[in-house]
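This report refers to the structure that appears directly beneath it.
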Amino acid sequence: MRYSVCNFRDVTETMPIKKQVYLVDDDAAICDALSMFLESCGYQVETFSSAEDFLAAADAAINGVMLLDQRMTGMTGLELQAELDKRAIGLQIIFISGHADVRMSVQAIKAGAINLLEKPFTNEELLRSLTEAFSLVIEKQLQHERFDQLRQSFCSLTEREKEVIEHVVAGHSNRQLAERMGVSDRTIEVHRARGMKKMGATSLPDLVRKYAQCQQIGIT
Amino acid sequence: MTQQQASWLIPKFASRYGYIITGVLFGVGFVFFDALIDVMIFNEGTLSEQLLHPSRPELLMRLSFLVLACAFGAYAFYASRREQAALEDARDAESRLEVLFDSAAEFIFLIDAEGVILRANKIVFEESGYARSEMIGNHIKTYFTPDSRQVCECNFPGLREHGYNRADIEFVRKDGSIINMECSATAVEDVQGQYNSFLIVQRDVTERLGAARRLEDSERRFRAIFNSTYQFIGLLDPQGTLLEANQTALDFIGCSNHEVVGKRFWETPWWQHSTSLQTRLKDSIAEAAQGKLVRFEGVHVNSTGQKLVIDFSLKPVLDENGKTVMIIPEGRDISERKLAEEKYRQMQQEFAHVMRLSTMGEMATSMAHELNQPLTALTGYCGTALQLARQQTSLPEGYLDILERASEQAHRAGVVIRHLRDFVSKGKNEMTCVALNNLVDGVIDFVDWELRDSGIEVVFHRQSDAHEVFADKVQIEQVLINLVRNSVEAIRESGISQGKVEISSRVAAANMIELRVADNGPGVSSEMAGVLFDPYRTSKEQGMGMGLSISRSIVEAHNGSLWVDKERQQGALFCMQLPGCD
């Protein structure tokens, strides 16, 4: 046996995640063959015969990887990609194309596609790309969860604590803070300790990093 | 003459002085007459005795005088009568001459040695409008034009020398109009044999000169046409001897007339570069001599060594009996036309070549796509089969291997197709900065050949600022030709009388140049608009349905786009955007 088909070791196997694949191709045989194959490899596959069909069924909450044909009657793959971006539907996209020229590939990748597979691709190539895509899905999911947690922590802070942490992160000492806010050093210390605990920060640099992340995702 | 005059001296003398002499003689005779009476009456003896008597000699003398006087008187009478008759004769002749002189149709002048008019005949005054008093005594040159005066002065010495001369002069009437006259002058000799007067006879030749001049003018005009026409023209006798060749033909070989006239035409420098052409010409002349028009093309070399294609013909000129009397050889330089034809043919070949390549490329692309789909499905099915097979415990020997090989071969087929497609569609792409105005001009030149007499007008709304696109010129030309041709064919089929195709360009967003081809044809139907660019779709009976599909492929390969404007109400509008050259 020269190669085995489904035995890729990857993060997805260790993660409890639904491996959802959306296959959009106007060729019925391809939909049939690929969905059959991918299902045999443990993926959940949903097929659509056109971009319009997919858009009709899709909502912002869906998650997973999309196998997308570029050349279709009606809306093309690139057009669907742009539309998804517009609707903030966060899918990882792998293009599958009958003839991929450089220009089209560049455009697809620039717009955030993971890969572009030229038909006919080997099953190995397909699975490798899917694995890569799902690792990104998971990473994104993890990040998403991390951000959720961060958001929750930040929201649990009182107004006073938020104010104190803001100044701490800006580099002010407790004394400076106390003078400015007209309270005792001790009060500041209590707020600061409580805030750090709520944010789950173990040290000042950890607090700074978490606060920066909050700023990044726009909570502050 | 002198002798004759001398012999007349005596009678002339007699006629004038005869009577006086006779009177004197009688007088002398009568003085001595009484003595004679005396003798006759009183003397004895016979009269003769007494007269001859020696003692009286005076008697005989007296008698002699009387007799002499009688004789001389008679002669004088005779002579005077004769002269009278002669004078009358002369007067008659003079008056006859006068009549003749005045009734002559020519101008007749008698002038003296200096040229002063002594006499002139009646018609001079009638014709010229001058009165007798205005002319007589004036120099004859007064009545000539300045040119003629000069002619007159030049000829006068000759006239004096030889006694005769003639010249054409222009006589000016009193009203200023001019009579062309042929003038002949004859010297009139005087007694001493000197020419001291001249008889000038002038004949009105205005009519004759006019005819001659018209002939001359017509000849000159004919010569001008003959010599300055662009064509090479000559004249041959039926045996092929060159009688004439025009200047254009002579210039072609750099020869003068006398070097070629009289030679056999095929031996002249026009034909010497090719023996086969010489033979052909010889045969053709023989054919033309039979009354046939012969025409053939040949390559000739001019005096600068340039090779030119000449359309040559031999046209026989027949007399009323149908016999060939002359042959007119004629040559036209058709090198430029040949060149243009050649260029057009080449362009068409190139077009066909590009079209073929594009068609192959497009077919390969569409075939690759069509084949890759099932191959992809095949690979998928094989993969599934492998998965399922692997879960089985008892499988025939090599079963998995076979499935794997099947999958591999499907993939290989894909690679083969890809290589084929790459090979065909690669072609030779020569991407450069192309001035759009030049490109469109070239296309219009090209289609103009086909649009002659079609009544369809192709207009280019030229932009003053020269747009440049980054493109393979030949390929974009093909696309544009294709679009224009589509428009033209659509107009033709719909039978619209004043067909018009308009090409314009503008700068579109983001450094893209847009080229628009609009027509006033029937336009694109809405159901056709959706599939217009798909391969094998066509509304034309003879179309392959590849044109627009290929065009779009070409434009897309240039990172551009090609579409039909679906909003347009009247006619069709195709837009092509290409990246600008910045």
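Would you confirm, using the coordinates I've provided, whether B:ASP401 is among the acidic types (Asp, Glu), over 60 Å from the mean Cα position of the chain (by Cα) and surrounded by fewer than 19 Cβ atoms within 10 Å (Cβ to Cβ)? Against the criterion (among the acidic types (Asp, Glu), over 60 Å from the mean Cα position of the chain (by Cα) and surrounded by fewer than 19 Cβ atoms within 10 Å (Cβ to Cβ)), B:ASP401 qualifies. Residues in segment B:112-137 that are under 49 Å from the mean Cα position of the chain (by Cα) and either touching a residue at least 40 places away in the same chain (Cβ under 8 Å) or assigned to a loop (DSSP other than H, G, I, E, B) (or both): 6 in all. Look at (1) under 29 Å from the mean Cα position of the chain (by Cα); (2) of a type in the set (A, V, I, L, M); (3) loosely packed, with under 13 Cβ neighbours inside 10 Å and you find that A:LEU116 fails only one, number (3).
Pick from segment B:463-481 the residues that are surrounded by fewer than 20 Cβ atoms within 10 Å (Cβ to Cβ) and among the small types (Gly, Ala, Ser): which of them is farthest from the chain's Cα centre (by Cα)? Among them, the one singled out is B:ALA466. Restricted to segment B:335-366, and to residues there that are exposed (fewer than 15 other Cβ atoms within 10 Å of the Cβ) and of a type in the set (A, V, I, L, M), the residue that is nearest to the other protein chains (Cβ to nearest Cβ) is B:ALA352.
Within segment A:53-79, the set of residues being within 14 Å of chain B (Cβ to nearest Cβ) and of a type in the set (Asp, Glu) comprises A:ASP69, A:GLU79. State yes or no: is A:PHE121 in contact with a Ser or Thr (Cβ under 9 Å, 6 or more places away or on another chain) and within 14 Å of another protein chain (Cβ to nearest Cβ)? Against the criterion (in contact with a Ser or Thr (Cβ under 9 Å, 6 or more places away or on another chain) and within 14 Å of another protein chain (Cβ to nearest Cβ)), A:PHE121 qualifies. Out of B:ILE178, B:ILE169, one residue alone is under 21 Å from B:MET135 (Cβ atoms), of a type in the set (Val, Ile, Thr) and buried (at least 16 other Cβ atoms within 10 Å of the Cβ). It is B:ILE169. For segment B:92-104, the criterion of being surrounded by 12 or more Cβ atoms within 10 Å (Cβ to Cβ), assigned to a loop (DSSP other than H, G, I, E, B) and modelled with pLDDT of 85 or more is met by no residue. Answer with yes or no whether A:GLU179 is out of contact with any Ser or Thr (no Cβ under 6 Å at 6 or more places or on another chain), crowded, with 16+ Cβ neighbours inside 10 Å and without any contact (Cβ under 8 Å) to a residue 60 or more places away in the chain. Considered against the rule, which asks whether it is out of contact with any Ser or Thr (no Cβ under 6 Å at 6 or more places or on another chain), crowded, with 16+ Cβ neighbours inside 10 Å and without any contact (Cβ under 8 Å) to a residue 60 or more places away in the chain, A:GLU179 comes out as no. Look at (1) buried (at least 16 other Cβ atoms within 10 Å of the Cβ); (2) more than 14 Å from chain B (Cβ to nearest Cβ); (3) in contact with a His (Cβ under 9 Å, 6 or more places away or on another chain) and you find that A:THR158 fails only one, number (1). Which residues, counting only those in segment B:37-89, are loosely packed, with under 11 Cβ neighbours inside 10 Å, assigned to a helix (DSSP H, G or I) and at pLDDT below 80? B:ILE37, B:ILE41, B:PHE42, B:SER48, B:GLU49, listed by residue number. Number of residues in segment B:207-233 that are free of Cβ contacts under 8 Å to residues at least 60 places away in the same chain and of a type in the set (Val, Ile, Thr) equals 2. Consider segment A:106-118 and keep the residues that are within 13 Å of another protein chain (Cβ to nearest Cβ) and touching a Leu at 6+ places or on another chain (Cβ under 7 Å). The one that is farthest from B:LEU378 (Cα to Cα) is A:GLN107. Output yes when any residue across segment B:455-462 is more than 10 Å from chain A (Cβ to nearest Cβ), surrounded by 14 or more Cβ atoms within 10 Å (Cβ to Cβ) and in a loop (DSSP other than H, G, I, E, B), and no when none is. Among the residues of segment B:455-462, at least one is more than 10 Å from chain A (Cβ to nearest Cβ), surrounded by 14 or more Cβ atoms within 10 Å (Cβ to Cβ) and in a loop (DSSP other than H, G, I, E, B), which makes the answer yes.
With respect to (1) in contact (Cβ under 8 Å) with a residue 40 or more places away in the chain; (2) touching a helix residue (DSSP H, G or I) at 6+ places or on another chain (Cβ under 6 Å), the lone exception for A:MET75 is condition (1). Residues considered: B:LEU243, B:LEU236. Of these, the only one that is surrounded by fewer than 16 Cβ atoms within 10 Å (Cβ to Cβ) and closer than 18 Å to B:THR324 by Cβ is B:LEU243.
Evaluate the following for B:GLU342: is it of a type in the set (D, E, K, R) and in a helix (DSSP H, G or I)? Yes, satisfied. For segment A:88-99, taking the residues that are within 10 Å of another protein chain (Cβ to nearest Cβ) and free of Cβ contacts under 8 Å to residues at least 60 places away in the same chain, the one that is surrounded by the most Cβ atoms within 10 Å (Cβ to Cβ) is identified as A:GLY98.
The C-beta contact set for segment A:28-47 (first residue more than 7 Å from chain B (Cβ to nearest Cβ), second residue part of a helix (DSSP H, G or I) and surrounded by fewer than 16 Cβ atoms within 10 Å (Cβ to Cβ), distance under 7 angstrom, 6+ apart or interchain) comprises A:VAL45/A:GLU39.
Of the listed requirements (1) outside any strand (DSSP E or B); (2) modelled with pLDDT of 80 or more, B:VAL201 misses just one: (1).
Helices (runs of 4 or more DSSP H) fully within segment B:246-312 that include at least 1 residues being among the hydroxyl-bearing types (Ser, Thr, Tyr) and surrounded by 19 or more Cβ atoms within 10 Å (Cβ to Cβ): B:275-289. Of all the residues in segment A:129-150, those that are in contact with a helix residue (DSSP H, G or I) (Cβ under 9 Å, 6 or more places away or on another chain) and surrounded by 15 or more Cβ atoms within 10 Å (Cβ to Cβ) number 8. Taking the numbered list (1) touching an Asp or Glu at 6+ places or on another chain (Cβ under 9 Å); (2) of a type in the set (Gly, Ala, Ser); (3) modelled with pLDDT of 85 or more in turn, A:ALA113 passes all entries but (1). Taking segment B:421-454 as the range and being modelled with pLDDT under 75 and either under 22 Å from B:SER505 (Cα atoms) or not small (Gly, Ala, Ser) (or both) as the test, the residues that pass are B:ARG421, B:ASP422, B:PHE423, B:VAL424, B:LYS426, B:LYS428, B:ASN429, B:GLU430, B:TRP449, B:GLU450, B:ARG452, B:ASP453. For beta carbons closer than 8 Å, sequence separation of 6+ or different chains, a first residue in segment B:402-414 that is more than 8 Å from chain A (Cβ to nearest Cβ) and a second that is surrounded by fewer than 17 Cβ atoms within 10 Å (Cβ to Cβ) and in a helix (DSSP H, G or I), the qualifying pairs are B:LEU403/B:ALA389.
Restricted to strands (runs of 3 or more DSSP E) entirely inside segment A:19-112, those with at least 3 residues that are within 23 Å of the chain's Cα centre (by Cα) and under 23 Å from A:LEU142 (Cα atoms) are A:20-24, A:65-69, A:92-97. Candidates B:GLU502, B:GLU468, B:GLU457, B:GLU514: the one that is at pLDDT 85 or above and touching a helix residue (DSSP H, G or I) at 6+ places or on another chain (Cβ under 7 Å) is B:GLU468.
The values are calculated or read from the model by the stated rules, or taken from the named source; none is laboratory data. What you are looking at is a predicted structure, and each value in this text was computed from that prediction instead of being measured. With ideal geometry, Cβ positions are generated from the backbone for all residues, glycine too; neighbour counts draw on all protein chains shown.
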